[in-house]
Amino acid sequence: MPQIDSAIKRVRTSEKATAKNSAQTSAMRTAVKKFEQAVDAKADNVESLYQEAIKAVDMAATKGLIHKNKASRDKARLTKKLAK
């Protein structure tokens, strides 16, 4: 544990940011998985799950959790699955 006050605060801040980032990333992955499972099961709510997954990927890219090129690639793959 650091001794300097500013370093102690930085540890607290980074722990909060890490928790927030991992929660957001997990939510994105969950949304994508729900969409993919709905497509495989040929469910009725595929369109709404698609919108949620796209939104989650966009939010992750906006927050800097994933690169914008990865977000674009993921969205293209989701759109391709929806079109099938």
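Just so it is clear, none of the values below were taken in a lab; they were calculated from the coordinates. Fair warning: this is a prediction, and the values are worked out from it, not measured in the lab. Every residue, glycine as well, gets a Cβ built from its backbone with ideal geometry; the counts of neighbours run over all protein chains shown.
Mind checking which of ALA71, ALA17, TYR50 is farthest towards the positive end of segment 5-83's charge dipole, using Cβ charges of +1 (Lys, Arg) and -1 (Asp, Glu) about the Cα centre?
So the residue furthest toward the plus end is ALA17.
Give a quick list of trypsin sites (Lys or Arg not before Pro) in segment 19-48 that DSSP marks as loop, anything other than H, G, I, E or B, with at most 14 other Cβ atoms within 10 Å.
Those that pass, being in a loop and sparsely packed, are LYS42.
First select every other residue whose beta carbon is under 14 angstrom from the beta carbon of ALA19; then total the charges, Lys and Arg +1, Asp and Glu -1.
Working: positive: ARG12, LYS16, LYS20, LYS63; negative: GLU15.
Charge balance in the 14 Å sphere: +3.
Compute the signed sum of charges (Lys and Arg +1, Asp and Glu -1) over the other residues within less than 12 Å, Cβ to Cβ, of MET28.
On the way: positive: ARG29, LYS33, LYS34, LYS55, LYS63, LYS70, LYS75; negative: GLU52, ASP58, ASP74.
Charge balance in the 12 Å sphere: +4.
Please sort 2-9, 50-57 by packing, taking for each peptide the average over its residues of neighbouring beta carbons within 10 angstrom, highest first. Walk me through the numbers on the way to the answer.
Numbers: 2-9: 9.1, 50-57: 19.0.
Put in order of decreasing packing, that is 50-57, 2-9.
What is the diffusion coefficient of the chain in µm²/s, taking the Kirkwood radius over Cα pairs and the Stokes-Einstein relation at 20 °C with a viscosity of 1.002 mPa s?
On the way: Rh = 14.3 Å.
Result for D is 150 µm²/s.
Show that you can apply the helix-only estimate: for the chain, add -39,500 (n - 2.57) for every DSSP H stretch of four or more residues, divide by all residues, and state [θ] at 222 nm to the nearest 500.
Computed ellipticity for the chain at 222 nm equals -30000 deg cm²/dmol.
Relative to the Cα centre, what is the charge dipole magnitude of the chain, using +1 at the beta carbon of each Lys and Arg, -1 at the beta carbon of each Asp and Glu, and rounding to the nearest 20 debye?
Charge dipole of the chain: 260 debye, to the nearest 20.
Filter LYS42/LYS70; LYS34/LYS68; LYS33/LYS55; LYS42/LYS81 down to the pairs with a C-alpha to C-alpha distance above 19 Å, please. List each step's numbers first, then the result.
Values: LYS42/LYS70 26 Å; LYS34/LYS68 22 Å; LYS33/LYS55 14 Å; LYS42/LYS81 11 Å.
With Cα atoms farther than 19 Å apart: LYS42/LYS70; LYS34/LYS68.
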